[in-house]
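Asks: Mind looking over this structure? Questions follow.
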Amino acid sequence: MESVLILAAAAGAVAVLLALRLWIVVHSRVVVPRESLSLMAVAGSGGHTTEILRLLEHLSNAYSPRHYIIADTDEMSAQKISSFELNRADRDPSTMFPKYYIHRIPRSREVRQSWLSTVFTTLYSAWLSFPLTYRVKPDLVLCNGPGTCVPICVSALLLGMLGIKKVLIVYVESICRVEHLSLSGKILFHLSDYFIVQWPTLKEKYPKSVYLGRIV
C-alpha cells in the first residue's frame, strides 16, 4: 500500500511539473530579431489549403524556408502549393530558387471516420510528426483548422517542453467558422501563442482571441 502511495505521489509530481512546463512554454513569447523566419504551414483538403495560401500571399520572402505539411493522401493540396510557389517566383524575379518543401504525414481523420478510431489515427500521426518537426525546427507554425495541424502543433509544443526550441504557434480560424470554433480550434485555443478569428461573434465568445476582420 505504501509503495502504491509513493508511486501515485511521484506520478502526481511529474504531472504537475509537466503542466507547469507546458504553461511556461505556451505563455513564453520572447521574440528574437532575425533576417529570416523558418515557417511551417499546415495545409488541408479543399478550402483549408486555399485559405492558408491566401494568408501566405501577404508574407514576404523573409518567411523562408517554407515547409508545407499535407496529408499523405492529399494530392490536390500538393498541386496547389507547387502552383502557388511557381507563381510567387514569377512575380518576384529575385526569387529564382524558392525555398519550399512539401512534407507528408498520415491524415489524423478521414471523412466519416468514427471518433473512437480518430484517437488512434491522431496518435499515430503525432508519433510520425515529432521526428519531422524536430528535424525542421521551425520558428513559426501557421495553421487554420485541418485535423493535420493538431499533431504538428503538439509536436511543436514538445520541442519547447523539452527545451529544444520555442516554436511560435499561430492559429487562424477558418472564415467558414462564424459562431462556433472547429474541433481543431477548440483543441488549440489554449495551446497556440496567437489565436486569430475572422468574425466578431467569435471574438465575443472567446475574448482572448485576436480579431483582425476578414484576412483571407
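The values are calculated or read from the model by the stated rules, or taken from the named source; none is laboratory data. As the structure is a prediction and not an experimental result, all values here were calculated from the model. We place every Cβ from the backbone using ideal geometry, glycine too, and count neighbours over all the protein chains shown. Quick note on the areas: whole protein, heavy atoms, side chains included, nothing else; ligands and nucleic acids left out. Shrake-Rupley method; radii C 1.70, N 1.55, O 1.52, S 1.80 Å.
Asks: When the residues of the range 168-185 are narrowed to those that are farther than 19 Å from Ser45 by Cβ and over 17 Å from the mean Cα position of the chain (by Cα), which ends up least open to solvent (accessible area, probe 1.4 Å)?
Replies: Val178
Asks: Let me ask something else about it. Residue check, Pro138 against (1) touching a helix residue (DSSP H, G or I) at 6+ places or on another chain (Cβ under 8 Å); (2) under 21 Å from Ile102 (Cβ atoms); (3) at pLDDT 95 or above; (4) not in a loop (DSSP other than H, G, I, E, B), all met but one. Which one?
Replies: The number of the failed condition is (4).
Asks: Okay, next question. Looking only at residues that are acidic (Asp, Glu) and open to solvent by less than 60 Å² (accessible area, probe 1.4 Å) in the range 59-94, which one is nearest to Tyr134 (Cα to Cα)?
Replies: Of the residues in the range 59-94, the ones acidic (Asp, Glu) are 72, 74-75, 85, 90, 92.
Filter again for open to solvent by less than 60 Å² (accessible area, probe 1.4 Å), leaving 74, 85, 92.
Values: Asp74: 23, Glu85: 24, Asp92: 31 Å.
Selected residue: Asp74.
Asks: On to the next question. For the range 149-158, does any single residue satisfy the condition of being open to solvent by 30 Å² or more (accessible area, probe 1.4 Å) and over 19 Å from Ile70 (Cα atoms)? Please lay out each step first, then the result.
Replies: Residues of the range 149-158 that are open to solvent by 30 Å² or more (accessible area, probe 1.4 Å), as a first pass: 154, 158.
If we keep only those that are over 19 Å from Ile70 (Cα atoms) too, we end up with 158.
There is at least one residue in the range 149-158 that is open to solvent by 30 Å² or more (accessible area, probe 1.4 Å) and over 19 Å from Ile70 (Cα atoms).
Asks: Something else: Out of contact with any Lys or Arg (no Cβ under 6 Å at 6 or more places or on another chain), aromatic (Phe, Trp, Tyr) and surrounded by 14 or more Cβ atoms within 10 Å (Cβ to Cβ): is that true of Tyr101 in this structure?
Replies: On the way: out of contact with any Lys or Arg (no Cβ under 6 Å at 6 or more places or on another chain): yes; aromatic (Phe, Trp, Tyr): yes; surrounded by 14 or more Cβ atoms within 10 Å (Cβ to Cβ): no.
So Tyr101 does not fit the description; no.
Asks: I want to confirm something. Restricting to the range 186-210 and keeping residues that are open to solvent by 60 Å² or more (accessible area, probe 1.4 Å) and of a type in the set (A, V, I, L, M, F, W, C), which single residue is farthest from the chain's Cα centre (by Cα)?
Replies: Among them, the one singled out is Trp199.
Asks: What residue, of Leu162, Leu132, is among the aliphatic types (A, V, I, L, M), over 16 Å from His48 (Cβ atoms) and open to solvent by 20 Å² or more (accessible area, probe 1.4 Å)? Step through it out loud before you land on a result.
Replies: Details: Leu132 fails: open to solvent by 20 Å² or more (accessible area, probe 1.4 Å).
Answer to the check: Leu162.
Asks: Also, quick follow-up: Would you check which residues across the range 30-58 are open to solvent by 20 Å² or more (accessible area, probe 1.4 Å), modelled with pLDDT of 90 or more and not in a helix (DSSP H, G or I) and list them?
Replies: Of everything in the range 30-58, those that are open to solvent by 20 Å² or more (accessible area, probe 1.4 Å), modelled with pLDDT of 90 or more and not in a helix (DSSP H, G or I) turn out to be Leu37, Glu57.
Asks: Moving on. For a quick check of your reading of the model, give me the residue pairs whose first member lies in the range 157-180 and is closer than 26 Å to Thr201 by Cα, whose second is open to solvent by 50 Å² or more (accessible area, probe 1.4 Å) and in a loop (DSSP other than H, G, I, E, B), with beta-carbon atoms closer than 6 Å and at least 6 apart or on different chains.
Replies: That search, which allows pairs on different chains as well, returns Val178/Trp199.
Asks: Could you please give the count of residues in the range 191-216 that are assigned to a helix (DSSP H, G or I) and acidic (Asp, Glu)?
Replies: In the first step, residues of the range 191-216 are kept if they are assigned to a helix (DSSP H, G or I); the result is 200-205.
Next cut, acidic (Asp, Glu) only: 204.
Residues that pass the stated criteria total 1.
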